[in-house]
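Accompanying notes for the structure given below.
The values are calculated or read from the model by the stated rules, or taken from the named source; none is laboratory data. Since this is a predicted model, take the numbers as computed values, not measurements. Counting neighbours? That spans all protein chains shown, and the Cβs are built from the backbone with ideal geometry, glycine included. SASA here: full protein model, heavy atoms, side chains in, ligands and nucleic acids out. Shrake-Rupley method; radii C 1.70, N 1.55, O 1.52, S 1.80 Å.
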Amino acid sequence: MANCKKLRLKDAALKRLLSVVVVTLLGVLLLIVSLRTNTTPGLSELDEDLSEITDIQSFSEKLNLPKQNEFSIRLAKINQMPPRNRDLYPKLAKDHITIVLYVHNRPQYLQVVVKSLSKVVGISETLLIVSHDGYFEEMNKIVEGIKFCQVKQIFAPYSPHVFPDSFPGVSSNDCKEKDDAGKKHCVGSPDQYGNHRSPRIVSLKHHWWWMMNTVWDGLKETRGHNGHILFIEEDHFIYPNAYRNLQLLVSLKPIKCPDCYAANLAPCDVNLRGEGWDSLIAERMGNVGYAFNWTVWRKIHRKAKEFCFFDDYNWDITMWATVYPSFGSPVYTLRGPRTSAVHFGKCGLHQGQGQTNACIDNGSVNMQVDDIDRVANIRSEWGVHVYDNQPGYKAGFKGWGGWGDDRDRQLCLNFAQMYHSYNTSLSAVTMS
């Protein structure tokens with residue numbers, strides 16, 4: 001009898017133990033699912049989905065894009081993942097303006113812009129897309145720490161930083177500096193000044209063009225979006241009133257300046273902070289905090305040939321000197337009389353990483369934010385002051401060079417076609 005009782009007690013204890021184990025395992029599984037849906041996985045955490053890899057490789061081959069290595073393919077897979085923080089912010093505002101942050105490898109700069117964005121009024125209503133020029137772990141960690149809005153990361157899978165020993169990176173038989181290709185038996189075509197390509201430099205223009213095509217025509221979150229999209233960079237300090245001011249500018253633009261192509265958060269001259277007048281300003285389009293819609297993007301996209309063949313490694317100078325002039329009329333932007341964004345960068349786009357060469361005074365930025373910068377300070381009753389004949393890069397400028405290699409120009413053209421029909425001739429799209 002005693003033995004039977006002992007057996008029953010053991011069976012009961014075993015059942016209780018099994019119940020605890022099953023409940024614990026279910027809890028762990030639920031936690032894993034939750035983390036996967038709300039975080040961007042590190043590169044080591046991605047599953048090797050062979051069918052998806054095949055699709056990506058096939059996509060590249062059809063467009064004559066560079067053959068992707070495993071690293072490039074994994075980045076392309078991350079780009080397809082949904083935004084994070086959807087559990088915190090399940091719905092975007094109906095009239096939200098998506099923000100795209102264009103970054104390279106300056107983590108101290110990125111920390112400054114992220115901190116400033118966290119204080120922007122209305123930031124939780126919108127989607128922030130961070131576009132990386134390749135993959136840098138410290139930059140990725142900073143973005144993964146963002147909790148103030150929905151955020152999606154995309155990584156340029158054809159960045160020269162992703163290809164250490166082949167084009168678009170550095171190939172062993174590439175010409176360097178002012179090499180004579182015939183005498184050196186090397187590969188490459190020089191720019192107008194006789195200099196061969198520098199992968200670190202050409203990546204600036206490649207990244208911007210890839211990002212624009214991807215955001216407007218590739219991502220399901222923004223593809224076909226009719227509203228404005230705001231573009232900022234990692235060395236732009238954003239004031240708390242920037243988003244509300246931008247919403248006002250976008251709503252006023254069709255009424256106050258119907259010929260304006262865009263809205264800007266800052267003056268075209270990055271050294272200015274605004275006039276302080278009771279008036280809106282129409283001037284040439286700037287490169288700090290600029291926003292435009294899909295209609296303008298189509299006009300830009302149709303000028304892919306002009307963009308891709310202009311011998312200057314700077315995307316903004318290329319736009320000012322060849323793309324905008326080709327529109328046939330002045331390209332104005334609308335802004336307020338007081339800046340809502342400031343360019344604080346002091347070094348090149350691929351410098352600044354690390355403590356010793358941070359390019360930020362004392363490793364920080366002390367930007368004065370007055371009370372007027374914390375609330376929307378644009379008035380609908382204001383008129384518009386138009387600046388005519390402003391100084392700056394114009395049609396006729398030949399470019400600073402750095403963009404003479406035929407391979408870079410072809411890759412640029414391929415980016416313009418990568419989200420369009422494979423059966424459509426590239427020349428038909430880019431030369432129209």
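Key figures
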| read-out | value |
| --- | --- |
| Accessible area in square angstrom per residue, the stretch 181-284, 1.4 angstrom probe | 38 |
| Percent accessible area from carbon and sulfur atoms, the stretch 363-403, protein chains only, probe 1.4 Å | 51 |
| Positive minus negative residues near L127 (Lys, Arg vs Asp, Glu; Cβ under 15 Å) | +4 |
| Segment R86-K398, extension gain: residue separation times 0.36 nm, minus the distance between their alpha carbons | 107.7 nm |
| Net charge contributed by nearby residues that have their C-beta within less than 9 Å of H206 (K/R +1, D/E -1) | -1 |
| Formal net charge of residues neighbouring T98 (Cβ-Cβ distance under 12 Å; K, R +1; D, E -1) | -1 |
| Ratio of the Cα radius of gyration of the stretch 205-244 to 2.2 N^0.38 Å, where N counts its residues | 1.37 |
| Violating pairs (Cα-Cα greater than 27 angstrom) within the set K91/K141; K176/K398; K119/K346; K183/K303 | K183/K303 |
| Extension gain, R273 back to Y387 (0.36 nm per residue minus Cα-Cα distance, nm) | 39.5 nm |
